[in-house]
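Novice: Attaching a single structure in structure tokens format; questions to follow.
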There are 2 protein chains.
Amino acid sequence: MAYDSTSVREILDKARAEGREALTSPEGKLLCDAYGIPIAGEGLANTAEEAVDIAGKIGTAVAMKIVSPQILHKTDAGCVVVDVVGEQAVRSAYGEILANARSHDPDATIHGIQVQQMVTSGHEVIIGATTDPTFGKVVAFGLGGVLVEVLQDVTFRLAPVQATDARAMLDDIAAADVLRGARGAEAADTDALADVVRRLSDLVTDFPEIREFDLNPVFAGSDGATAADVRVLVETGEVTQPEQRSQEEILRTMNRLMKPDSVAVIGASSEEGKIGNSVMKNLINGGYSGDIYPINPKADEVLGRTAYAGIAEVPGNVDVAVFTVPAKLVPSALEECGRKEIPAAVLIPSGFAETGNDELQQQVVDIARQYDIRLLGPNIYGYYYTPKDLCATFCTPYDVRGGVALTSQSGGIGMAILGYSRTTKMGVSAIVGLGNKSDVDEDDLLTFFEQDDNTNCVAMHLEDLKDGRSFVETARRMTRKKPVVVLKAGRTEMGARAASSHTGALAGNDKVYDDILRQSGVVRAPGLNEMLDYARGLPTLPTPQGENVVIITGAGGSGVLLSDACVANDLDLMHIPPDLDQAFREHIPPFGAAGNPIDITGGEPPSTYEATIKLALRDPRIHAVILGYWHTIVTPPMVFAELTVRAAEEARAAGIDKPIVASLAGDTEVEKASDHLFEHGIVAFPYTTEKPVAILGAKYQWARSAGLIIP
Amino acid sequence: MAYDSTSVREILDKARAEGREALTSPEGKLLCDAYGIPIAGEGLANTAEEAVDIAGKIGTAVAMKIVSPQILHKTDAGCVVVDVVGEQAVRSAYGEILANARSHDPDATIHGIQVQQMVTSGHEVIIGATTDPTFGKVVAFGLGGVLVEVLQDVTFRLAPVQATDARAMLDDIAAADVLRGARGAEAADTDALADVVRRLSDLVTDFPEIREFDLNPVFAGSDGATAADVRVLVETGEVTQPEQRSQEEILRTMNRLMKPDSVAVIGASSEEGKIGNSVMKNLINGGYSGDIYPINPKADEVLGRTAYAGIAEVPGNVDVAVFTVPAKLVPSALEECGRKEIPAAVLIPSGFAETGNDELQQQVVDIARQYDIRLLGPNIYGYYYTPKDLCATFCTPYDVRGGVALTSQSGGIGMAILGYSRTTKMGVSAIVGLGNKSDVDEDDLLTFFEQDDNTNCVAMHLEDLKDGRSFVETARRMTRKKPVVVLKAGRTEMGARAASSHTGALAGNDKVYDDILRQSGVVRAPGLNEMLDYARGLPTLPTPQGENVVIITGAGGSGVLLSDACVANDLDLMHIPPDLDQAFREHIPPFGAAGNPIDITGGEPPSTYEATIKLALRDPRIHAVILGYWHTIVTPPMVFAELTVRAAEEARAAGIDKPIVASLAGDTEVEKASDHLFEHGIVAFPYTTEKPVAILGAKYQWARSAGLIIP
């Protein structure tokens, strides 16, 4: 689009030069004009004739008000007249306002009388932009009045938005039906609204010094949309953009960090109970086959490996230095690493920013920057990368290889990841602690995992993002290929920020994270347990090829709960066509229910489960299968599990791989049966109808956003 | 209140006599007048002078429209004029409407011209009543326009409502702030609105033949509320109320059913695999010490017990007959039970209404009624009552005694209850299958459990309620004493009902169940797994004495997630007073965080956990404690569990019993530690921060509704 950037630059420079935080209304209008944002016509009149002239050009009813720095409460001073129509009325309003202004304050400086188009018909919406501390420029859209102010029915997107994103925002609010013409009202011109959103997003992107921008209200009729008022706040200080590394730069080091050929342990120790001892033990017992160099000036060897007094003395190249020394010893040792040209340092020790010692952390970061060392941590448990049998951590080794990489900002959550993984035998490629994130963050890890063939799913616990915009960019790229699950902690914490604009105030909650993470294709886990379940389940399930989900159940009661769960997880219960219905009916008792759920009834033998499952797998119109098993003497749990695995494997051999999830209701034997199913690619849980369906729902959410399902 | 019931009776009788389903607008208005519901003034004019007279009495602008059975689309026919002010205008509108009516349809019967007060200022709300198939008369309240129609922001209550309930409805909608005067608008006269709700609820209660009643819109200003329009639908057929047993009547039989001294098994068998064999085995192996009478005409004894050819031949009294014969044999055997005066029959067999055989089920119900036998089932797994070691089921015995009674409508869910109970060693008083609920339902069971000293919590899975009103009554009484958890399946199923009124249409979803269950003090579980977790957790926790919740955590990351969970579960994180803050600080490292969560930091020894937990238990200002444990070498899981149990037991010995829940993050040893904690009255889970807090939240929800916490 052709924008008049020069005018905008002039206005902003002038306001900033004058140290102003807010633009005047005419300045705001000029910004709108420069970017083609339709705004109510207006002009500044210094004579009654000028007022008549402006009103004539506007051509509709106008509002008139004084422009004077001294007269703040214009209405109280009798300096506002609305709904003025016709030459005579404009003239008389002009005189009235001027007289009232003079009698209100004879010394007031009067810049003139503003004549403004009155726009009041159509749907009232708010379109705005603000600068989020995490994500930078975001645009907001909501319905005006009660909906946005009382119910906070508003949606956010990272700026700039594409046309399709801008359209999607209009559908993304709870009251979207209103714009579509619910209750017999006129439908809004959504093209025009989306266009305003896009133009505003371009404006704030082109001019980062615009801090907040409200178009409130915007009136949208069936043909066009016009903003009635504009409010613009600018940054008074310097505007800087976070520095960013190139993808190549990130990968060069991340590959050496995650797949090192040699690891040095700074502070390696033979003494039981020391962190330097635990890390050494885990590296060795974990089976790491690269070189391990213990660094300890007081030892000749540690756990049978030759020890070195300092890193400089290590004979070969070192990819990673794992620090297990107290915080205060880190800076000098890190300098040595720098001189040895070690590209990555893993800082296990605590005692940095998390204990208030920001200075020490900054010192370490400065040294790392000087020597171009990437830092993981500090204040972490370390990290695992199973394809290299690497357990560089003070926890215990973990060796079940698999496709999911997990990261956590908090050590406690890291321990929960480890325990959950071990108890469920979850196949893992990596577990990484991020701690204080003094350098390496989720963004760097995603960039690595994206191209890591050993990883097909990533699950991340995070409390904040250092650079949300960069994370979204990486996540967007990554989630086209592999699912990313995010547990965002602190979701209910209201951002305690001072916002002067409406949009700024609305952005002060978790909704910004929610909308933007979704926009980046990330599946957001509602809690820790869900994050772990999704991490375990998502790589287990193949990607569905379409939206048709079928429930086959032995228990009618489970069928109802599974249907509830489908609705809750945004899954489409397939409408079964008559021929398929007939085919299912041939396998189930006459009093069973075909349709969907397909209720095969409780007393059925294994053959009924088997025939219906096979039918569902074979029919190409069905894309995913949910099983509700009911424990009976006729079909015991392991019999069910084995027949299901057999059916799935037969289908896979025939080139059919559909997601299958199962809910097992029964006595404790269903636990073993669930494990057996899970081990064979079927996501199964005992005593719950919700969990398997939630995991299927998460898989669908990812597949849809990755464009892998054509609706 | 003084209501004019006579007028209402006359109007309704007339309409019903005429076979009309809908009242006319003037009739509706008369109903409002009779019950003191303020409604816009109106009258029917047959001359222009009459119209002027009516308009004069109303005293504001009026709307005028034709009243003619033939002219349905009044506006199109030019037979509606609004905003009429003044004698002259009324006269001219009268003439215009009449002329247009005649030209539209010269043969139309004209009853006159309706002159109606125009009310359009103030908040627009909808107040209505409908007849719910489950709950009978319910009243609804919502904000008019977009909020109720697009966002379905509406709330329901069982009619009649008390004044406090009516007031609570106004606060119960999402947009409640609007009525309180959000956005600088005038606050609504909530007393007047609540009064309308209450009067309407009285009206529909007094006259059950009123099927649906819409006051839409009602305009509420700062002083009063006036309905602008009324729509009333009546039942054209006979109106019957469900018959109800007295509490004494219910208890007399339920006590014999649940605590029988003797049980007969109709169809008892020695043959492995038969249901009659499983039930016999479970009764014997379960340790039931009452008399067991196997009934089998072809055997002399079954499993060592003397068998009888028929129930008539049993020498002693029989409290319960458990049926294990095929469905078609039930009626004749049930008649024999009737003649033997057996008060309760447990019908395990399927093949009744659930397979479409409604007739057979009705036959059985008729026989039961004739002989005054209460029926459990048919189509159930049976039931357990552990205080009597009674396992009258074809499943397997269960013997962990405890305070929770569980019931399920579905057999599959029953099996999940059994499996979950066994694997978690949940202490249970009863597990009861309800199946087709041909007779005994949740209501009867609640009446029994209410007075059963062996039961202190009830968890129910249900798909429908036979008589919702009676359930609510019983639940209201019961939940004052003991928590009731309900898993309502089919919650997302839209009621497919034909509704002619606005309120009727709004009531066609799960919101009615949700509001009314909450109103009855029931804790609604969002899913099966939560129902089971609540059932296990609620009786474990003592009742909190106040709202002050404190989090003590070793992992900052868990602290954030636990705080999120508190907000999600409506728990108040206590604002810690300075002296208490200081007291906590004395135990934690300087870089730890006091406040709430209290972050003792990860590297701390057992003594830090112990000191802070003891402090939290001792301080009377703290009412509940959430623990976030982080697995470290310094404080291993079992050490944490044991010290916590010790602290809790010491406190209990000193007469302090506060709810404590714990989230354990760590390697697999945390599973054993969680079990140990649970066994000692502390609700603890590994790998989740959400579950323990959700259970505490459920306990609080119950305690608040039971009036046990003074806010």
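The values are calculated or read from the model by the stated rules, or taken from the named source; none is laboratory data. Note that this is a predicted model, so its numbers are computed, not measured. Cβ placement follows ideal geometry from the backbone for every residue including glycine, while neighbour counts extend to all protein chains displayed. Areas reflect the complete protein model, heavy atoms only, side chains present, ligands, DNA and RNA absent. Shrake-Rupley method; radii C 1.70, N 1.55, O 1.52, S 1.80 Å.
Novice: Mean projection of the alpha-carbon convex hull of the stretch A:388-495 over all orientations, in nm²?
Specialist: 7.2 nm²
Novice: Please list, in chain and number order, the residues 5+ apart from A:Ala684 or on another chain whose amide H is under 5 Å from its amide H, with Hs placed from the backbone.
Specialist: Counting only residues 5 or more places away or on other chains, the set is A:Ala662, A:Phe678.
Novice: So with the 1.4 Å probe, I'd like the accessible area per residue for chain A, rounded to whole Å². Kindly include the intermediate steps, with their values, before the conclusion.
Specialist: Numbers: 26910 Å² over 711 residues.
Heavy-atom accessible area per residue stands at 38 Å².
Novice: Could you tell me the distance between the Cα centroids of the stretch B:414-447 and the stretch B:52-128, to the nearest Å?
Specialist: 61 Å
Novice: Not counting ligands, DNA or RNA, and with a 1.4 Å probe, what is B:Arg102's accessible surface area in Å² rounded to the nearest 10?
Specialist: 130 Å²
Novice: Additional query: How high is the relative contact order of chain A, in percent, counting Cα pairs under 8 Å that sit 6 or more residues apart?
Specialist: It comes to 8 percent, rounded to a whole number.
Novice: In whole Å, how far is the Cα centre of the stretch B:616-671 from that of the stretch B:247-316?
Specialist: First find each Cα centre; the distance between them is then 47 Å.
Novice: With charges only on Cβ, +1 for K and R and -1 for D and E, what is the dipole size of the stretch B:556-639 about its Cα centre, in debye, rounded to 20?
Specialist: On the way: 4 positive and 10 negative charges, 36 e Å.
That gives the stretch B:556-639 a dipole magnitude of about 180 debye.
Novice: Let me confirm one metric for peptide B:551-557, namely the mean number of other chain beta-carbon atoms within 10 Å of its residues' beta-carbons.
Specialist: Values: counts 0, 0, 1, 2, 7, 9, 16.
For peptide B:551-557, the averaged partner shielding equals 5.
Novice: Distances in nm, one decimal, shortest first, from A:Gln247 to the same residue in every other copy, taking the label point 7 angstrom along Cα→Cβ.
Specialist: Those label-point separations list as 7.2 nm.
Novice: Then there is this: Name the aspartates and glutamates eligible as straight-distance cross-link partners of A:Lys482: C-alpha to C-alpha under 14 Å, and not fewer than 8 places from it in the same chain.
Specialist: Cα-Cα hits under 14 Å: A:Glu450, A:Asp452, A:Asp453.
Novice: Among B:Tyr94, B:Leu446, A:Thr540, which residue has its Cα positioned farthest towards the positive end of the charge dipole of the protein assembly as shown, with +1 placed on the Cβ of Lys and Arg, -1 on the Cβ of Asp and Glu, and the dipole taken about the Cα centre?
Specialist: A:Thr540
Novice: When only the heavy atoms of the protein chains count and the probe is 1.4 Å, how do A:Arg245, A:Arg157, B:Arg91 rank by accessible area, highest first?
Specialist: On the way: A:Arg245 95, A:Arg157 15, B:Arg91 75 Å².
Greatest to least solvent exposure: A:Arg245, B:Arg91, A:Arg157.
Novice: Something else now. When the dipole is taken about the Cα centre of the stretch A:549-705, and only Lys, Arg (+1) and Asp, Glu (-1) are charged at their Cβ, what size is it in debye, to the nearest 20? Display every interim value, and only then the final one.
Specialist: Working: 11 positive and 20 negative charges, 70 e Å.
Once rounded to the nearest 20, the dipole reads 340 debye.
Novice: Oh, and also: What is the extension gain from A:Asp514 to A:Glu243, computed as 0.36 nm multiplied by their sequence separation minus the C-alpha to C-alpha distance, in nm to one decimal? Could the numbers behind the result be given before it?
Specialist: Working: separation 271, 0.36 × 271 = 97.56 nm, distance 2.48 nm.
Between A:Asp514 and A:Glu243, full extension yields 95.1 nm more.
Novice: Here is the link list: A:Lys425/A:Lys658; B:Lys29/B:Lys511; A:Lys481/B:Lys699; A:Lys481/A:Lys614. Which ones come out longer than 32 Å on Cα distance? Mind dumping the intermediate values first?
Specialist: Details: A:Lys425/A:Lys658 23 Å; B:Lys29/B:Lys511 29 Å; A:Lys481/B:Lys699 44 Å; A:Lys481/A:Lys614 29 Å.
Long pairs (Cα-Cα over 32 Å): A:Lys481/B:Lys699.
Novice: Taking B:Glu10 in one copy and the same position in all the others, each labelled 7 Å out along Cα→Cβ, what are the pairwise distances from the first, in nm, shortest first?
Specialist: Shortest to longest, the spacings are 8.1 nm.
Novice: Starting from the stretch B:592-646, pick out the trypsin sites (Lys or Arg not before Pro) whose DSSP state is loop and whose Cβ has at most 15 other Cβ atoms within 10 Å. Intermediate results must be reported in sequence, preceding the final value.
Specialist: On the way: sites: B:Lys614, B:Arg618, B:Arg621, B:Arg646; in loops: B:Arg621.
Listed in order of number, the matching sites are B:Arg621.
Novice: Taking a label point 7 Å from Cα toward Cβ, how far is B:Gly86 from its twins in the other copies, in nm, shortest first?
Specialist: 1.8
Novice: Can you give the charge dipole size of the protein assembly as shown about its Cα centre, rounded to the nearest 20 debye, using +1 on the beta carbon of Lys and Arg and -1 on the beta carbon of Asp and Glu? Write down the numbers at each step before the final one.
Specialist: On the way: 124 positive and 196 negative charges, 516 e Å.
Here the size comes out at about 2480 debye.
Novice: Tell me, what does the Kirkwood hydrodynamic radius of the protein assembly as shown come to in angstroms if you use every pair of distinct C-alpha atoms? Could the numbers behind the result be given before it?
Specialist: Numbers: mean 1/r = 0.0276 Å⁻¹.
Taking the inverse mean of 1/r over all distinct Cα pairs, the protein assembly as shown comes out at 36.2 Å.
Novice: Another question about this same structure. Per residue of A:687-694, count partner chain C-beta atoms within 10 Å of its C-beta, then hand back the mean as an integer.
Specialist: Details: counts 15, 8, 8, 5, 3, 0, 1, 1.
For this peptide, the per-residue mean of nearby foreign Cβ atoms is 5.
Novice: Top to bottom by accessible area (1.4 Å), largest first, where do B:Tyr513, B:Tyr383 land?
Specialist: Details: B:Tyr513 30, B:Tyr383 0 Å².
Ranked from most to least accessible, the order is B:Tyr513, B:Tyr383.
Novice: Along the positive direction of the dipole of the protein assembly as shown (beta-carbon charges: Lys, Arg +1; Asp, Glu -1; about the Cα centre), which of B:Phe591, A:Asn296, B:Ala175 reaches farthest?
Specialist: A:Asn296
Novice: Output needed: percent of Cα pairs per 20 Å distance bin for chain A, bins running from 0 to the one holding the longest distance.
Specialist: Result, from short to long distances: 15, 36, 31, 15, 3, 0 percent.
Novice: Another question about this same structure. Using protein chains only (no ligands, no nucleic acids) and a 1.4 Å probe, work out which residues of the stretch B:562-580 have their accessible area cut by at least 10 Å² relative to the chain alone.
Specialist: At a threshold of 10 Å² (probe 1.4 Å), the residues of the stretch B:562-580 that become less exposed are B:Asp564, B:Val567.
Novice: Now a separate question. Can you sort A:Glu249, B:Glu42 by 1.4 Å-probe accessible area, starting with the largest?
Specialist: On the way: A:Glu249 75, B:Glu42 40 Å².
From most accessible down to least: A:Glu249, B:Glu42.
Novice: Something else: If you take the accessible area of B alone plus A alone and subtract the pair, what total do you get in square angstrom, rounded to 100, with a 1.4 Å probe?
Specialist: By this definition, chains B and A bury close to 4700 Å².
Novice: Count, for each residue of A:141-151, the Cβ atoms from other chains sitting within 10 Å of its Cβ, then give me the mean as a whole number. Show your work: numbers first, answer last.
Specialist: Values: counts 0, 0, 2, 0, 5, 11, 5, 0, 4, 11, 7.
Taking the mean over all residues of the peptide, I get 4.
Novice: Something else: Across 10 Å bins from the origin, how do the percents of Cα pairs in the stretch B:247-380 run, short distances first?
Specialist: 13, 46, 34, 7, 0
Novice: List the residues of the stretch B:607-650 that lose 30 Å² or more of accessible area once all protein chains are present, compared with their chain alone (1.4 Å probe, heavy atoms only, no ligands or nucleic acids).
Specialist: B:Trp630, B:Ile633
Novice: Percent of accessible area on the protein assembly as shown owned by carbon and sulfur, 1.4 Å probe? Don't skip to the answer; put the middle values down first.
Specialist: Values: 25780 of 53760 Å².
Accessible surface attributable to carbon and sulfur in the protein assembly as shown totals 48 percent.
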